[in-house]
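Working notes, beginning with the structure itself.
The values are calculated or read from the model by the stated rules, or taken from the named source; none is laboratory data. If you're wondering where the values come from, they're calculated on a predicted model, not measured in any experiment. All Cβ positions, even for glycine, are placed from backbone atoms using ideal geometry, and neighbour counts span all protein chains on display. Keep in mind that these areas ignore ligands, DNA and RNA; they rest on the heavy atoms of the full protein, side chains included. Shrake-Rupley method; radii C 1.70, N 1.55, O 1.52, S 1.80 Å.
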Amino acid sequence: MSGPRNTPPVRPRPKPFSVIGALNLLFGAGLVAVAWTMLGGMAFNGMTAEPYEGLERALMLQAERSHREALATLEAREASAQSEAAKQVFREAIEQRAARGPQLPPGSDLVMMGSQMQSFGTWSVVSSATSLIVNLMMIVAGAVLLQRVEWGRRLSLWVAGVKLARLLILQTVFVVFVVPSFSRNLGEAVQESIATQGGGIPAGMPNMTQLYAATYTVMGIGMLVLGAIYPIVTLVVLNRPGVKAASVPAAIRAKQLMHEAGRGR
């Protein structure tokens, strides 16, 4: 009978360290820049209710001023009218204008609906902040991975796992909790704006709330699928035996080979 077959030593494959390390640096730097820009933009615009409430007050004051000016103009025209019939026309216009009261300009709902979308604002802040932290760690992992050390491989695996978990949680929250309220507010504002400008909802126009809900749901799922590709590739590639062997120092690797050779005698 033949003796036990010797298992051939695993051939080290260092190239994935360079490729994944470089991609970590590239993708990490790009995503950090995006996250920093998003956070900076939200901080500049003040993603809270207060700025939108102030904007609403300003628009209402402008509407009231325009209302008073329009009434004053009609009253002046009534006073200067030569015939009683003309005076009656202006008097009716004044009554109709007074009954309507101050009117916000068309499209104001679209401008002010930010105060009604706090769930989207909160989600955006959490998404950008966690992206900034995780991708900074990704840059560190990429730099260490280029040194072909074991803890760089382990850190890259850990970062890839965190990115997958973060992506799954954030996109699930987005689709389940954020999209319904966001789509409802946006859809109602758009439909109201169209109806105000065009005298009513055009025939055959789709329900904007449903349209936005479907669009943003597809976007959320698409971001989940696309965003998961690179972390999964990282987990698969860096767990291959040849890549693990490449992270072992040469001295230790030589001792392992001698030990394996001695066991095969």
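Here each label is just a point 7 Å from Cα along the line to Cβ, and for E150 and A72 those points are 8.3 nm apart.
Once you list every other residue whose beta carbon is under 15 Å from the beta carbon of A22, what net charge do they have if Lys and Arg are +1 and Asp and Glu are -1? List each step's numbers first, then the result.
Details: positive: K15, R148, R153; negative: none.
Counting the neighbours of A22, the net charge comes to +3.
Annotation: L238 carries an accessible surface of approximately 0 Å², with a 1.4 Å probe and no ligand, DNA or RNA atoms counted.
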